[in-house]
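These notes concern the structure reproduced below.
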Amino acid sequence: MAVPLSLGPVHHIRLTVTDVERSRAFYTELLGFQIAMDAPLPAGDPHHDLTVDLLQDGIVMVNGDMLIGLRPVDTERTGDRFDPFRCGLDHLSFSVGSKADLEAAAQAFEERGVEHSSISDLPPFGIAVLPFKDPDGVALELTAPL
C-alpha cells in the first residue's frame, strides 16, 4: 500500500564532478552559490569524522534554500562526462523570478563562454527555460514564469 507523502522543494543534491575547484568557481561566480562547508570540522570536534564522510573530499554550497554538494569522481573516471541518456539525472532546473532574469543570465553566459541554448517559452507549462551546461556537461536550466 502506497503511503502518500506531501513533499516540499528539493532540499539538496550532490554532483560528482571531475574538478571540484573548477565547478566551485562555476557555481559560485556564475550562479551565486556561497560556500557552506569546504573542509571537515577540526580533528578534535566530535563531528569531525561525520563531516569527513559527508564531504567526501568535496564541498557544500548554498543559494537560498538550495544546497548543492560537489564531490570528486574516482581517479579512474577523471575523463568522464555527464550523459543525460544514462540512468540517473537528466537535468536540474533552478527557478528565477522573471524572463528578464533569463535574458540577463543568457548575456552573462555569452560573456563567460558558457555553453547554452536559446530561451524557450513552454506555454503549456507556463514557463520559459534557458538550458545550459556546467563544466562537466551536466544539463542545467534556469526556469522563469511566463
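The values are calculated or read from the model by the stated rules, or taken from the named source; none is laboratory data. Everything quoted here is computed from the prediction, not taken from an experiment. Neighbour counts run over all protein chains shown; Cβ positions are idealised from the backbone, glycine included. When the accessible area is computed, the model is the full protein with side chains, heavy atoms only, and any ligands, DNA or RNA have been set aside. Shrake-Rupley method; radii C 1.70, N 1.55, O 1.52, S 1.80 Å.
For segment 57-79, a residue qualifies if it is loosely packed, with under 14 Cβ neighbours inside 10 Å and out of contact with any helix residue (DSSP H, G or I) (no Cβ under 8 Å at 6 or more places or on another chain), and the qualifying residues are 64, 65, 74, 75, 76, 77, 78, 79. Residue 53 passes all but one of (1) assigned to a helix (DSSP H, G or I); (2) touching a helix residue (DSSP H, G or I) at 6+ places or on another chain (Cβ under 9 Å); which number fails? Evaluating residue 53 over (1) assigned to a helix (DSSP H, G or I); (2) touching a helix residue (DSSP H, G or I) at 6+ places or on another chain (Cβ under 9 Å) leaves (2) as the failure. Inspection of segment 110-122 identifies no residue that is modelled with pLDDT under 95, hydroxyl-bearing (Ser, Thr, Tyr) and in a loop (DSSP other than H, G, I, E, B).
Mind checking whether some residue in segment 89-105 is open to solvent by less than 30 Å² (accessible area, probe 1.4 Å), aromatic (Phe, Trp, Tyr) and either assigned to a helix (DSSP H, G or I) or under 20 Å from residue 10 (Cα atoms) (or both)? Spell out the reasoning first.
From segment 89-105, those open to solvent by less than 30 Å² (accessible area, probe 1.4 Å) are 92, 94, 102, 105; that's our starting set.
Of the ones still in play, those that are also aromatic (Phe, Trp, Tyr) are 94.
When the remaining residues are screened for being either assigned to a helix (DSSP H, G or I) or under 20 Å from residue 10 (Cα atoms) (or both), the result is 94.
Yes, there is a match, as at least one residue in segment 89-105 is open to solvent by less than 30 Å² (accessible area, probe 1.4 Å), aromatic (Phe, Trp, Tyr) and either assigned to a helix (DSSP H, G or I) or under 20 Å from residue 10 (Cα atoms) (or both).
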